[in-house]
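Please read the structure below before turning to the comments.
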Amino acid sequence: MAKYEIVTIDGDGIGPEVCQSAITVLKEACGSDLLSFSSHEGGADHYVKSGHVLPDDTYAACKAADAILHGAAGMPGVTYPDGTEVGNDLHLRLRFRLDLYANVRPIRLYQGVDSPLKHFQPGQIDYVIVRENTEGLYASRGGGIVLRDELATDTIVVTRKGIERVARFSFDLARSRTGAPRDGKRRVTVCDKANILRSYAFFRSVCDDVARSYDDVEIDYAYADAITVHMLKRPDTFDVIVAENMFGDIISDLGAGTIGGMGLSPSAELGDRHGLFQGAHGSAPDIAGQNAASPLATILSGAMILRWLGDTHHNGTLRDTAHRIESAVEKVLAQGEYVPRDLGGKASCTEMTQAVCRALA
Ligand code: IPM
Ligand code: MN
């Protein structure tokens with residue numbers, strides 16, 4: 001049986017705790033002969049010690065790995081001279097250098113979790129935000145202009161290639177799902193501001209070009225301002241949402257807020273050959289080292305590793321194991337005996353990890 005090499009980067013704050021938790025669950029679910037893990041340095045703390053946020057040897061290991069599992073990165077006050085945060089540069093360097101163009105953010109309400117959207121129950125909020133991850137407004141990262149302490153600009157950059165591939169990814173994803181909860185329709189909703197800016201009108205037109213090859217998947221559109229209302233008033237109409245980088249960053253946190261918060265928000269940042277998996281939350285330095293963080297977003301990101309490896313290598317065992325981990329998380333949440341602190345409970349990171357491992361059995 002193939003052994004898949006997983007590079008892990010603990011990172012900063014709660015990163016080491018939640019990363020270790022996901023490794024524990026993956027080992028419990030997969031046994032010892034399917035995955036091998038190797039830990040590497042990176043993040044703001046490492047930058048303070050070494051001057052490198054992403055050391056060359058870590059990058060080389062990531063490039064050679066079958067998948068990358070990351071805890072969290074970023075520490076307040078650790079910034080570059082231009083004022084931008086160092087820790088976040090770990091993600092951005094990996095995204096751009098490994099060309100991880102699809103940032104996949106599932107938004108799913110699990111049994112046992114109360115949504116602030118009181119009219120919606122588990123099963124009614126189940127969609128995926130696909131955020132273009134290598135261009136858009138982020139193309140200006142490190143390249144903006146600051147002039148005489150009077151003027152600053154950043155430019156949005158969208159390319160036909162960049163839009164085509166993330167749109168194709170989104171339509172393929174919709175084809176693999178069972179449609180929006182409300183009507184079961186396979187649908188890609190394009191989030192943009194095509195009514196105002198040519199760049200977004202171009203984004204929409206390229207999505208339209210791609211849609212013509214998917215007559216079994218519906219395309220619809222929502223402006224970035226309007227979609228925030230729709231995500232609250234009718235989240236059950238969404239199946240897959242595709243958005244430019246900055247809009248995707250913003251609406252994915254709103255989506256997470258509707259299903260229990262960032263503690264239940266996994267992510268898979270995928271290119272054609274590499275995948276970076278992490279909880280979409282931050283490093284939460286205020287609770288670091290207290291065994292207080294919820295590991296569920298990172299555990300669910302671990303499940304996304306298995307599903308992606310299973311799809312990539314046509315390995316049904318890996319896909320089934322991903323489902324087992326997601327079901328174990330849902331079982332723990334539904335039972336309600338162990339509730340993480342971000343959901344109003346008292347369970348520690350260790351207790352949540354052990355509860356998920358027991359639920360796997
Ligand atoms: C995210 C984060 C990142 C982003 C930061 C950590 C670079 O907010 O992954 O959503 O801005 O994309
Ligand atoms: Mn974000």
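Before moving on, here are some points about what is shown:
- Relative contact order, percent, segment 115-259 [alpha-carbon distance under 8 Å, six or more residues apart]: 36
- When the trypsin sites (Lys or Arg not before Pro) in segment 1-52 are filtered for DSSP coil states and for at most 15 other beta-carbon atoms within 10 Å of their beta-carbon, the remaining sites are LYS3.
- Within-12-Å neighbourhood charge of PRO266 [Cβ basis; K, R +1; D, E -1]: +1
- Relative contact order %, the chain, counting alpha carbon pairs below 8 Å whose residues are six or more apart: 22
- Computed 3J(HN,Hα) for segment 93-101, one whole-Hz value per residue from the Karplus formula 6.51 cos²θ - 1.76 cosθ + 1.60 where θ = phi - 60°, is 5, 5, 4, 6, 7, 9, 6, 8, 7, glycine and proline marked x.
- Maximal additional length on extending the LYS27-ASP286 stretch stands at 90.4 nm, based on 0.36 nm per residue less the C-alpha distance.
- Segment ASP220..SER50, full-extension length gain: 56.4 nm, with 0.36 nm per residue of separation and the alpha-carbon distance subtracted.
- Taking all Cα pairs closer than 8 Å and separated by 6 or more residues, the relative contact order of segment 99-171 comes to 31 percent.
- Annotation: amide H of ASP192 within the under-5 Å range of ALA222, TYR223, ALA224, sequence separation 5 or more or interchain, hydrogens built in the peptide plane.
- Here the Debye sum runs over all C-alpha atoms of the chain as equal scatterers in vacuum, and log10 of I(q)/I(0) at q = 0.09, 0.10, 0.11 Å⁻¹ comes out as -0.48, -0.60, -0.73.
- Cα-Cα over 24 Å, subset of LYS161/LYS185; LYS27/LYS63; LYS27/LYS49; LYS3/LYS161: LYS161/LYS185; LYS27/LYS49; LYS3/LYS161
- Computed about the Cα centre, the dipole magnitude for the chain is approximately 740 debye when only Lys and Arg (+1) and Asp and Glu (-1) carry charge, each at its Cβ.
- Along its three principal directions, the equivalent ellipsoid of segment 182-327 from the Cα gyration tensor extends over semi-axes of 29, 21, 15 Å, largest first.
- Share, in percent, of DSSP beta bridges within the chain that are antiparallel, nearest 5: 40
Any read-out appearing in this document is the output of simple, stated calculations on the displayed coordinates, not a laboratory observation. None of the values given here were measured: they were computed from a predicted structure. Using ideal geometry, Cβ is built from the backbone for each residue, glycine included, and neighbour counts are taken over all protein chains shown.
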